[in-house]
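Input: a single structure, listed below in structure tokens.
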Amino acid sequence: MQLPDENIEYQFARLLAQPHETWTPLAELQQQHFLPPEKVDEVKQWVTSVRGQVVAERELQNPPPKMRPLQPGFIDLPQKLLDGYKRKQDASELGKVLRLAQQLRDTVDRVVILGIGGSYLASKAIFDALCHSHHNELPAKLRMGKPRIYFEGKDLDNDSLQDLFELLENTCVDPDIIEERWGVVVISKSGGTLETAAAYRAVKGEAAKFYGPKSEMLRKVIVPITGTKGSKLRDLCRADGFPEDDILTIPEEVGGRFSVFTAVGLLPAAVMGLDVRAMLLGAATMTRRFIEEPFDRNPVLQFAAVNHLMTERGKTTRVLSAWSRKLEAVGWWYDQLLAESLGKNGRGATPITMVGTRDLHSRGQQHQDGTRDKLINNLIVRQIKHPPVTLGMSERNEDDLNQFSRKGLPDILDAAIKGTNEAYSQAARPTADITLPMISEHTIGQLLQMLMLATVVEGRLNGTNPYGQPGVEAYKANMMRALKATPNLPKGEVRDAAKGV
């Protein structure tokens, strides 16, 4: 495992209000919309105390009713998985994940990942961040045995799923040829989430047509990931003859949106050929920093405290501005994490993800001159992976770029970040930076664990239980009631005829 020497950091000095000797309109605006440094000093002791509470919650076996639900299992999970693998190797939970991932990679050339919410966004964030930007279009030789990856079961889009079936029908013809086989990873903790369950029934039907309804291959190309207590998916897979050892488990003490370092995120990552141990090591490193480091060296405490204070000052729209398109899906994952964890009891910031500089041409005007309800957290990567694309000299200079002939896209991006932050500062628009030394398994592990830990701490700061999602259950119940009230016929002419229309 090649790991970077640097850690992720959170820099927020730019959103602190600085004293001014003379009054100016800008100084007045900054005093209103930036954080007074003394506020940060005041919150240090409080957030450190909350850290103690969060750390102590890991040991509660039978929490009192007012603390439920309580699902802190994600905090220590990365280190536990690494320790278990070190002791038991293939017999460990991580060993089981790696074995099933290798089985899929050896058996198929395409993998359909079914899941919604945290069961989908975790693997999508990892895939976009760490795999080739055009992974599925690469020939098999350049993919080096890594299957193509597709995501479904995340909505109820009929045409999108039919498009996938059309693709599979026309490119996967002979199940005896590895390059034409496809497999499925189905993820649902409860097993009862309708979007994923419906997609799985349809996809499983397509697989049965391709491999044969009685084929033993079906249990090799389908990997279920689910919970233990009352999981309909687990019951279904048992009925289909799956060995218990081939059904991966989401721990009960880990909530769905905090499950990226369970099999939910690790199995897809391993199928993609990524170094999941480096990812877990990054997450475990962030947990140690959270538990051991003082506020001034602790990005979890800093991020939680600063974002909490800014929300209390009216910055109720929280923008994660990713300055790499590869991190956009990390933003989507954080959108769900923050919204479902803290959007309760009339409270909680509204998360928005954007990509710089792309979305400066759509949202930049609003962020610069619109309502003053936003805090922008930049997500910045210091080191690029590939050689820079340079401008070079050209005989035709109508675009006036010869003056920058020795510069490349990274130089232009750095100038854009600097220029944007300066423009926001001059308009008293608060911004801060999460800085990654590079995009790697280790840094992505750090980042995801940092955001999960900070979300829990922020919830405790504002008196919100960050676990559970009572609001989501309302739509699920209403959807099921509406579905049952509709005639059990396909939508369209058949149902209309039954109604006498």
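Taking Glu195 and the conditions (1) touching a Leu at 6+ places or on another chain (Cβ under 9 Å); (2) acidic (Asp, Glu); (3) within 23 Å of Arg325 (Cα to Cα), which numbered condition does it fall short on, given that it satisfies the others? So the condition that Glu195 fails would be (3). Of the numbered criteria (1) surrounded by fewer than 19 Cβ atoms within 10 Å (Cβ to Cβ); (2) touching a residue at least 40 places away in the same chain (Cβ under 8 Å); (3) under 21 Å from Lys44 (Cα atoms), the one Val306 fails is (1).
Filtering Ala427, Ala432, Ala415 for residues that are of a type in the set (A, V, I, L, M) and closer than 27 Å to Thr287 by Cα leaves a single hit, Ala432. From Glu21, Glu6, grab the single residue that is of a type in the set (Asp, Glu) and either surrounded by 16 or more Cβ atoms within 10 Å (Cβ to Cβ) or touching a residue at least 60 places away in the same chain (Cβ under 8 Å) (or both). Step by step, each of Glu21, Glu6 is checked, and only Glu6 is of a type in the set (Asp, Glu) and either surrounded by 16 or more Cβ atoms within 10 Å (Cβ to Cβ) or touching a residue at least 60 places away in the same chain (Cβ under 8 Å) (or both). Confirm whether Leu379 is in contact (Cβ under 8 Å) with a residue 40 or more places away in the chain, at negative phi and within 20 Å of the chain's Cα centre (by Cα). Here the answer is yes, as Leu379 does meet what is asked. Among residues of region 277-289 that are aliphatic (A, V, I, L, M), those with a Cβ under 6 angstrom from a residue that is open to solvent by 10 Å² or more (accessible area, probe 1.4 Å), sequence gap 6+ or separate chain, pair up as Ala278/Met1; Ala278/Glu441; Ala278/His442; Met279/Glu441; Leu280/Leu81; Leu280/Leu82; Ala284/Gln79. Restricting attention to region 59-80, the residues that are surrounded by 14 or more Cβ atoms within 10 Å (Cβ to Cβ) and without any contact (Cβ under 8 Å) to a residue 60 or more places away in the chain total 1.
Against the test of being of a type in the set (Gly, Ala, Ser), open to solvent by 10 Å² or more (accessible area, probe 1.4 Å), more than 22 Å from Ile116 (Cβ to Cβ) and not in a helix (DSSP H, G or I), the options Gly468, Gly463, Gly419 yield a single qualifying residue, Gly463.
Only one entry of Arg143, Arg181, Arg148, Arg110 meets the criterion of being open to solvent by 40 Å² or more (accessible area, probe 1.4 Å) and basic (Lys, Arg), and that entry is Arg148.
The values are calculated or read from the model by the stated rules, or taken from the named source; none is laboratory data. In this text the structure is predicted, and so the values were computed from the model without any measurement. Note: ideal-geometry Cβ built from the backbone for every residue, glycine included; neighbour counts use all protein chains shown. Note: accessible area is taken over every heavy atom of the protein model, side chains too, but ligands, DNA and RNA are not part of it. Shrake-Rupley method; radii C 1.70, N 1.55, O 1.52, S 1.80 Å.
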